[in-house]
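Contents: one structure, followed by commentary.
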Amino acid sequence: MKQVGTMLGGAAASLDGGQAGKVGGRVSRREARGALASAAGLYVVGGTLCATSALLPHVSSPAGVVAIAFAAYLTAAALMLAYRRNRRGLTLAWAADLWGVVLVALLCAATGGASSPFGLVYLFAIGHAAAFQARGRLLVVCLAGLIGFLAPLAYSDVSSSFGAIACVGVVLALLGAGLIHFVLERVRDQRWRLEFLNAATVNLDTSLDPQQTLQQIAHTAVPELAELCVIDLVDGDGWVTATVAAAADPAVARSFEKVRSEHPLHIRGHHPIATALQAREPFIVQGLADSGALQRAAEGDEQARFMREAGCRSAAIFPMVARGRMLGALSFLHLGEDASYDSSQLAVLEDLTGRAALAYDNARLYAERARVAQTLRRSLMPAALPPIPGLELASFFRPVGAGYEVGGDFYDVFGDPSSCWLVVGDVCGKGADAAVLTGFLRHTTIAYAREGVGPASVLARVNQAMLEQDFDGRFATAILAHLAFRGSEVQITIAAAGHPPALIARAGGEAEEFGGRGTLLGVFADPAIDETSTLLRPGDALALYTDGLSEAHAPARTLTVAEMLRRLSARPPRSAQETIDALIELVELSDDARDDVAVLAARVKPSPAVVSGASASGSVSGLGDCTGQRRATVVQHGVSMGDKHLLDR
């Protein structure tokens, strides 16, 4: 398998172009460009200081001093050009530090050698390298500065005090450079840690799907902090039930997941994961290059073989605990030579594990909440629309948002062969309280309707029942339609309580709003609820809907009744499903919709003679086409509820 070198170890040797990467810290692209700009500034200052050489008593080469000043200005210009073009920041800055040491050495040779005051300029080059370069490059600059400072010993006579001056200068240079380097490295390390964890938190919060969250957690630390990251979830019995792995080499991750699935773990064992989970503390394993240590860390020969082939060198295992609940373990493995975790990296990993555990627990709880909401919603809706002889029925329901909140919209169809009832309602609010009222309203309406009274009386009695119960001030709207069969026609009686009126689409192309709105349920003891009746002839369709349809685009735009009627008139529906489709096409239902949308439609079936004549002329589609279109709509919306028996009729 592919061996992946540790990024943290290798980055210190390849700081270039502003890319991040230092042992114990990070140099940002902005800092790399700052290194170029500050180096250019030092060269400008150095070139200007060359003018003070005229004040010195021992200047052996004035022309050389001028040439050095010109070279300093030219170098500064080149550095600024690289700064503007964003070219190779840290490498070029390091080269500028070394070139500066050379120029200072030449300047000292031209202005008195060991007695030249320009020897102090070495400190600028060393200090600049200490501020921006990795430890190895800093040592190179320090060594070059020391050689330059001692160079007068090779070409001139020096006084006895030069040795003391050299010792003091070397000590001051090393102490200053070490202090600058240490302080700035700590600052960078803290800044990188904060930026990394902030970015990881944002990444972990992008999904509320548990499986996708696990994948994001596993990939967060790869490859910057580990070449292989493994998440093991445990159940209440202590078995590892699921494993998600991410690696710099995807084949390594797939192989590890396969090993876990074929050889499940238990937290009562003696492997590192069991140790970490039992103690609820991090467990660090170093020196896995040793076969004995690797065998002790592995759970079985198969896992040991995998770890050996993958090149595991060290591992850090952290228990995933959220809200006091043990979720599993998060393991970070290095697959490179001489790769191990230091204290600063372990602190980052421990913080990351805590955030990851909370992110996964949030996703898990959200998924559980969604499952409960969907189960509860199904209990508030009919499993299927009943087959009613002489009628075509269709329904549409779109829950608010992604469907993880139980809304208050509901519908139902019930009755007997001679008549049936259609009800659509909307309860104030969302959540469990709204669901309780929805169930009460639906079942109470069905119970009163079966007693044989009219729709207005049913709603009035439902209103009284709501007032007698404690629903914490919640109210509801509803529209109730009673359909009685009169030969080929259907007499429809409608009553509404604070609900949008019904829509009727005639077979001849006319469309109208039918019925009043009435007053809300659960508010007044004597609500104003009236009944209106009319006849539906073969081919006529009735549509009942909630205000979520008209307010789907609110507050930017509200769908008006006139728009709905124009659509129904322009394209007379040839089936109950086409009635719903015509209305739904008027809005764009997105995940950020404000409310549930429920539509219930019924269409009086044309008589057989009408259907045959229409089919022969091609003016009306056959029933098979209608049911086929209905099936397509059910798939498209995903929540339309039909009845298999009705579709097969």
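The values are calculated or read from the model by the stated rules, or taken from the named source; none is laboratory data. Treat the numbers as computed from the prediction; the structure is a model and nothing was measured. Heads up, the Cβs are rebuilt from the backbone with ideal geometry, glycines too, and the neighbour counts pull from every protein chain shown. The protein model used for the area step is the full one, side chains on, heavy atoms only, and it has no ligands, DNA or RNA in it. Shrake-Rupley method; radii C 1.70, N 1.55, O 1.52, S 1.80 Å.
Over all directions, the average projected area of the alpha-carbon convex hull for segment 83-175 comes to how many nm²?
If I average the Cα hull's projected area over directions, I get 6.3 nm².
Diagonalise the Cα gyration tensor of segment 237-321 and give the resulting equivalent ellipsoid semi-axes, square root of 5 times each eigenvalue, largest first, whole Å.
19, 16, 13
With a/c under 1.5 counting as rounded, go ahead and sort segment 464-584 into rounded, prolate or oblate using the C-alpha gyration tensor (a ≥ b ≥ c being the square roots of the eigenvalues; past the cut-off, prolate if a/b is larger than b/c, else oblate).
Oblate is the answer for segment 464-584, as a/c is 1.5 or above yet b/c matches or exceeds a/b.
Accessible area of Lys430, 1.4 Å probe, to the nearest 10 Å²?
Looks like 70 Å² after rounding.
Based on alpha-carbon centroids, what's the gap between segment 313-328 and segment 260-292 in Å, whole number please?
Between the Cα centres of segment 313-328 and segment 260-292 lies a distance of 11 Å.
Residue by residue, what Karplus-based ³J(HN,Hα) values in Hz, rounded to whole numbers, does segment 230-235 have, using 6.51, -1.76 and 1.60 with θ = phi - 60° and x for Gly and Pro?
10, 10, 10, 8, 10, 9
Please name whichever of Ala105, Ala72, Val168 sits farthest to the positive end of the charge dipole of segment 64-178, dipole taken about the Cα centre and charges placed at Cβ: Lys and Arg +1, Asp and Glu -1.
With unit charges placed on the Cβ atoms, the residue in question is Ala72.
When the helix-only estimate is applied to the chain (DSSP H runs of n ≥ 4, each -39,500 (n - 2.57), divided by the residue count), what is the mean residue ellipticity at 222 nm, nearest 500 deg cm²/dmol?
Only helices count here, giving -16000 deg cm²/dmol.
When the gyration tensor of the chain is built from Cα positions, what are the square roots of 5 times its three eigenvalues, in whole Å, from largest to smallest?
Ellipsoid semi-axes (Å, largest first): 80, 32, 22.
Toward the positive end of the charge dipole of the chain, about the Cα centre and with charges on Cβ (Lys, Arg +1; Asp, Glu -1), which of Ala310, Ala329, Ser575 goes farthest?
The residue sitting most towards the positive pole is Ala310.
Rounded to whole Å and ordered largest first, report the semi-axes of the equivalent ellipsoid of segment 273-430 derived from its Cα gyration tensor (root of 5λ).
Equivalent ellipsoid semi-axes, largest first: 57, 18, 12 Å.
Can you check what the Kirkwood hydrodynamic radius comes to for segment 48-118, Cα pairs only, in Å to one decimal?
13.0 Å
For the pair Val45 and Ala67, how long in nm is the line joining their label points, each one 7 Å along Cα→Cβ?
2.7 nm
Report ³J(HN,Hα) in whole Hz for each residue of segment 544-558, in order, from the Karplus equation J = 6.51 cos²θ - 1.76 cosθ + 1.60 where θ = phi - 60°; Gly and Pro get x.
With the stated coefficients, segment 544-558 comes to 10, 8, 9, 5, x, 6, 6, 9, 4, 9, 5, x, 5, 7, 10 Hz.
Over the chain, give the accessible area per residue in Å² for a 1.4 Å probe, as an integer.
45 Å²
Under a plain spin-label model, where a point goes 7 Å from the Cα along Cα-to-Cβ, how far apart in nm are Asp526 and Glu510?
3.7 nm
Considering only protein heavy atoms, with the full assembly of protein chains and a 1.4 angstrom probe, order Ser116, Ser61 by accessible area, largest first.
The ordering from most to least exposed comes out as Ser61, Ser116.
Mind giving me the nanometre distance, one decimal, between the label points for Glu588 and Ser343, set 7 Å out from Cα along Cα→Cβ?
Taking the simple label geometry, Glu588 and Ser343 are separated by 5.7 nm.
Once ligands and nucleic acids are excluded and a 1.4 Å probe is used, how much of Arg280 is accessible, expressed in Å² to the nearest 10?
For Arg280, the solvent-accessible surface is approximately 120 Å².
Scan the chain and note any complete DSSP helix (H) whose C-alpha atoms cover at least 24 Å along its axis and whose Kyte-Doolittle average is -1.0 or more.
Helices meeting the criterion: 29-49, 62-85, 89-110, 161-204, 343-380, 432-449.
Determine, from the Cβ-Cβ distance of Arg268 and Gln190 and an R0 of 51 Å, the FRET efficiency 1/(1 + (r/R0)^6), rounded to the nearest 0.05.
It comes out at approximately 0.80.
In segment 426-452, whose amide N lies under 18 Å from the spot 7 Å out along Cα-to-Cβ of Ser419? List them in ranges.
Counting backbone N atoms under 18 Å from the label point, the list is 445-452.
Considering only the other residues whose Cβ falls under 12 Å of the Cβ of Arg323, what net charge follows from Lys and Arg at +1 and Asp and Glu at -1?
+1
Compute the distribution of all C-alpha to C-alpha distances in segment 123-222, in bins of 5 Å from 0, and list the percent of pairs in each, rounded to whole numbers.
For segment 123-222, the binned pair fractions read 2, 11, 15, 13, 10, 9, 8, 7, 6, 5, 5, 4, 3, 2, 1, 0 percent.
Could you work out the Rg to Rh ratio of segment 496-545, with Rh taken as the Kirkwood radius (inverse of the mean 1/r over all Cα pairs)?
In segment 496-545, Rg relative to Rh is 1.09.
If you stretched the chain out fully between Leu139 and Ser207, how much longer would it get, using 0.36 nm times the residue separation minus the C-alpha to C-alpha distance?
That works out to 19.8 nm of additional length.
Ignoring ligands, DNA and RNA, what percent of the accessible area of the chain is carbon or sulfur (1.4 Å)?
Here it works out to 58 percent.
Using Cα centres only, tell me the gap between segment 331-357 and segment 403-450 in whole Å.
When both Cα centres are located, 54 Å separates them.
Determine one quarter of the surface area of the Cα convex hull of segment 436-505, which equals its mean projected area, and express it in nm² to one decimal.
5.5 nm²
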